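The values are calculated or read from the model by the stated rules, or taken from the named source; none is laboratory data. Everything numeric in this text was worked out from a predicted model, so none of it was measured. Positions of Cβ are backbone-derived with ideal geometry, glycine not excepted, and every protein chain shown enters the neighbour counts.
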Amino acid sequence: MREPPTWRLPPVWVLLVAVVLIVCAEVGGASMSRFKIELTRWARGTMLTHPAVHGLVGVRDVDERILDEALVKFDAGLRLFHMHAEGMGLVIIATTTVAATLVRTAPARPLIISLLTVGGTCYPLGYLLWAALIPYVGLERGKAIAEWLVWIPFGGATIVALWWLAGVVALRLVRR
Amino acid sequence: MLPQAARNDKSAARCYHLATSAPGGNPIELRRPPLAIVLVAVLVMALGETGGAALSQLRPSIDRYATARVNANPEAHGISGSAEYDDEVRSRAVYSAEAGLSFFHTHAEGLGLILFFTSTLVASVVAGRRVRAALYVVLTAGSLFPLGYLVYGAGVLELGREAGIELAERWVLMPLGSAAIAGLTALAVCLAARARAASRPSPP
């Protein structure tokens, strides 16, 4: 009788990276809650030292609205890091397990696993970078930097690897 | 050499692992569900990732397209000719369509993972072949739940906000969401039955 198929584990370093990412997400979420006032104070203080970047004019009514909007985005950046890091940690574990088990060819398997791991790990860090950049360079410039340095290359790597993996699984299903 | 029991072909490390990895229970290997289910799980995750990227990178184009679709279906949206009111209607419809895409992104990521992990549990833990097949079908249907949010977004633009949301909820979100809940509940029942069977003292 044929043995039922079992999952193969991806390399240990991949699992380690995924677990560390999930730990970072948890710590990030907890820190957001525990140090909310300190983080807001730091962001606000830094924005006030860069008035030109944020278009602050010195009129309280106008400036407060601008600062509030930037602080909402700063908070959103931290929250999105928390959520994406938790999710991508699990996505890395699941998808690299599929790749380790079902991708047979040697150059493709390590490449897909590396793309999924590096892409999935670095992508959420873009939200942290965005949040950190907002007080210094403003909303739009911070977003553009995070987009070109992190989100597009690493998010792109994850998307390419996922579709590649889906293609490999589909091909195995058809050839069976 | 000492006499060996039949099929005693495992390495010392494997014997140690089997003996120590699951105290109080039987060690099991995590089995792989059928390829078709693995493919659906990976596809749902890939679609979720791509949807999120599209929402982020193509937002102006999506806004333009959504506004154009609202303008092309004035009756469905109750466009009245009053600029202020129509702008409000348009922005609500565009916001709902974008919300649909955003919900699709988050739910697809989650349900792809849920299908991967739950179908692995089904393959590893559920003994009956027919029960396993039924669980695969129901869980896979449940994992397609996020597609309802694409219908939600498109329905809002083509049929108007209320009618579009009702269509998506009644025909896609509710049936597929119910399938996910039913599949997860049935899996929980199977796990409880297995735990109960394992806790019974074995006959002497």
- Item | Condition met for A:Val27 (within 19 Å of A:Thr95 (Cβ to Cβ) and among the aliphatic types (A, V, I, L, M)) | no
- Item | Filter result (in a helix (DSSP H, G or I), exposed (fewer than 14 other Cβ atoms within 10 Å of the Cβ) and within 14 Å of chain A (Cβ to nearest Cβ)) within the range B:56-84 | B:Arg59, B:Pro60
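For (1) at pLDDT below 95; (2) closer than 21 Å to A:Ile22 by Cβ; (3) surrounded by fewer than 24 Cβ atoms within 10 Å (Cβ to Cβ), each residue gets a yes or a no:
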{"position": "A:Ala100", "(1), (2), (3)": "no, yes, yes"}
{"position": "A:Arg104", "(1), (2), (3)": "yes, no, yes"}
{"position": "A:Pro107", "(1), (2), (3)": "yes, no, yes"}
{"position": "A:Ser114", "(1), (2), (3)": "no, yes, yes"}
{"position": "A:Thr117", "(1), (2), (3)": "no, yes, no"}
{"position": "A:Cys122", "(1), (2), (3)": "no, yes, yes"}
{"position": "A:Leu129", "(1), (2), (3)": "no, yes, yes"}
- Message: more than 15 Å from the chain's Cα centre (by Cα) and of a type in the set (Val, Ile, Thr): is that true of A:Thr117 in this structure?
- Response: no
- Query: Do we find that B:Val138 is within 22 Å of B:Gly48 (Cβ to Cβ), within 23 Å of the chain's Cα centre (by Cα) and more than 14 Å from chain A (Cβ to nearest Cβ) in this structure?
  - Reply: yes
- Message: It is to be established whether one or more residues within the range A:5-20 are assigned to a helix (DSSP H, G or I) and among the hydroxyl-bearing types (Ser, Thr, Tyr).
- Response: no
- Taking the range A:157-176 and keeping only residues that are more than 8 Å from chain B (Cβ to nearest Cβ) and under 15 Å from A:Gly119 (Cβ atoms), one is left with A:Ala157, A:Val160, A:Ala161, A:Trp164
- Out of all the residues in the range B:35-55, which are over 14 Å from the mean Cα position of the chain (by Cα) and at the interface with chain A (Cβ under 7 Å from one of its Cβ atoms)? B:Leu35, B:Ala36, B:Thr50, B:Ala53
- Tell me, which helices (runs of 4 or more DSSP H) lie completely within the range B:85-204 with 2 or more residues that are of a type in the set (Phe, Trp, Tyr)? B:147-159
- Item | Subset tally (residues that are surrounded by fewer than 18 Cβ atoms within 10 Å (Cβ to Cβ), more than 14 Å from chain B (Cβ to nearest Cβ) and not hydrophobic (A, V, I, L, M, F, W, C)) for the range A:131-156 | 2
